[in-house]
1. Loop only by DSSP, 16 or fewer other Cβ within 10 Å of the Cβ. Give me the chymotrypsin sites (Phe, Trp or Tyr not before Pro) in region 1-67 that pass, ordered by residue number.
2. Starting from the Cα of Lys26, draw a straight line to each of the lysines and keep only those under 16 Å, dropping any in the same chain fewer than 8 residues away.
3. Using Cα pairs closer than 8 Å and at least 6 residues apart in sequence, work out the relative contact order for the chain, in percent.
4. Mean residue ellipticity at 222 nm from the helices of the chain, using -39,500 (n - 2.57) per DSSP H segment of n ≥ 4 over the full residue count, to the nearest 500 deg cm²/dmol?
5. Against the longest principal axis of the chain, how steep is helix 64-81, in degrees 0 to 90 to the nearest 10, with axes from Cα atoms?
6. Once you have the Kirkwood Rh of the chain from its Cα pairs, apply Stokes-Einstein at 20 °C and 1.002 mPa s and quote D in µm²/s.
7. Given 0.36 nm per residue, what is the gain on full extension from Leu91 to Val37 after removing their alpha carbon distance, in nm?
8. What FRET efficiency comes out for Val52 versus Trp21 if R0 is 22 angstrom and r is the Cβ-Cβ distance? Round to the nearest 0.05.
Amino acid sequence: MIITRVILLLVCSNIFMTFAWYAHLKNLNHKPWIMAVFVSWGIAFFEYLLQVPANRIGFTALTLPQLKILQEVITLSVFIPFAIFYMKQPLKLDFLWAAICLMGAVYFVFRNNGS
């Protein structure tokens, strides 16, 4: 139950993070960069409202390396649909290779219960 809650919070957090980091490239590219900074900071505020509790809750059940790798897997899982559907980037085989590399990271960090 704890891990499910952590994953849900991190997915939501990553949606905000991805928009904060990259949506300005599409939506504010003709505006001054400082405007993009403030808009991104505003979006990132909501990311932190979810990410900080997720990490605090997650750290009660996971090791720090496990929590970090979980975050990276979620980041890629959120970023790929964002890149394809929102930013209209082409689907590339490199996304698969990145996912396979992350699966290796997950294996090594979670084997033997993270010890």
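1. Values: sites: Phe16, Phe19, Trp21, Tyr22, Trp33, Phe38, Trp41, Phe45, Phe46, Tyr48, Phe59; in loops: Phe59.
Qualifying residues, ordered by number: Phe59.
2. Leaving aside lysines fewer than 8 places away in the same chain, those within reach of Lys26 are Lys88.
3. 33 percent
4. Details: 5 runs with 83 residues, N = 115.
Helices in the chain give a 222 nm mean residue ellipticity of -24000 deg cm²/dmol.
5. 40 degrees
6. Details: Rh = 15.3 Å.
The diffusion coefficient I find is 140 µm²/s.
7. On the way: separation 54, 0.36 × 54 = 19.44 nm, distance 2.81 nm.
Extra length available between Leu91 and Val37 comes to 16.6 nm.
8. On the way: r = 17 Å, r/R0 = 0.79.
Between Val52 and Trp21 the formula returns 0.80.
Each reported figure results from applying straightforward, stated rules to the coordinates on display, with no laboratory input. Since we're looking at a predicted model, the values are computed, not measured. Here the Cβ is made from the backbone with ideal geometry for all residues, glycine too, and neighbour counts use every protein chain on show.
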